[in-house]
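These notes concern the structure reproduced below.
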Amino acid sequence: MIFLSRKLAFVAMSLALLVGLPAHAAMPEKPTLKVTTIDGKTFDLAAERGKWVIVNYWATWCVPCIKEMPDISKFVATHKNVAAIGLAYDDSALADIRAFVAKHPVVYPIAQVTMDKPVKDFDEPRGLPTTWLIDPQGKVAKPFVGPVTSSMLAAAIGGK
């Protein structure tokens, strides 16, 4: 049932885009993000200044999301100037998300974001996965809708 309601929400957002209706307010150039991770720690985007930061929306039921997670994790592990936060855009129970991450471990923190409590400064995803690359000054460098790869991230960072 939750999966169906989420699909309907994505369809509604997509239709709003097609007919030219704004789906949300404009995202700020320098977004803020302060969330509690699934292990109870705080992730604060402002504390990551000086690094590139990958902000990745995903869900446990999203096959392309699951496929890209190891690539993002490896990229973060092999680039000291890169951090990441995974935002589980998922209404599942927190215990289920923890169990999912235990089966699909990553080197970066994970926080849960639900449709009823969206992150203030980030646009709600129009599809999953959705990723924003934040530059070392805290500005949005590049948005990605759909799966990202190490080569896509390297190209986006390498040209900056």
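Taking the simple approach of a point 7 Å from Cα along Cα-to-Cβ for both M27 and D39, what is their distance in nm?
About 2.6 nm separates the two model spin labels.
Excluding residues on the same chain fewer than 8 positions from K120, give the aspartates and glutamates whose Cα lies under 20 Å from its Cα.
Filter leaves E29, D44, E48, D90, D91, D135.
For a label point 7 angstrom out from the Cα of K120 toward its Cβ, which stretches of the range 25-44 have the backbone nitrogen within less than 17 Å?
The answer is 25-37, 42-44, whose backbone nitrogens lie closer than 17 Å to the label point.
Since every read-out is calculated from the coordinates, none of them should be taken as a lab result. Just so it is clear, the structure is predicted and the values come from calculations on it, not from any experiment. Glycine gets a Cβ as well: all are built from the backbone with ideal geometry, and neighbour counts include every protein chain shown.
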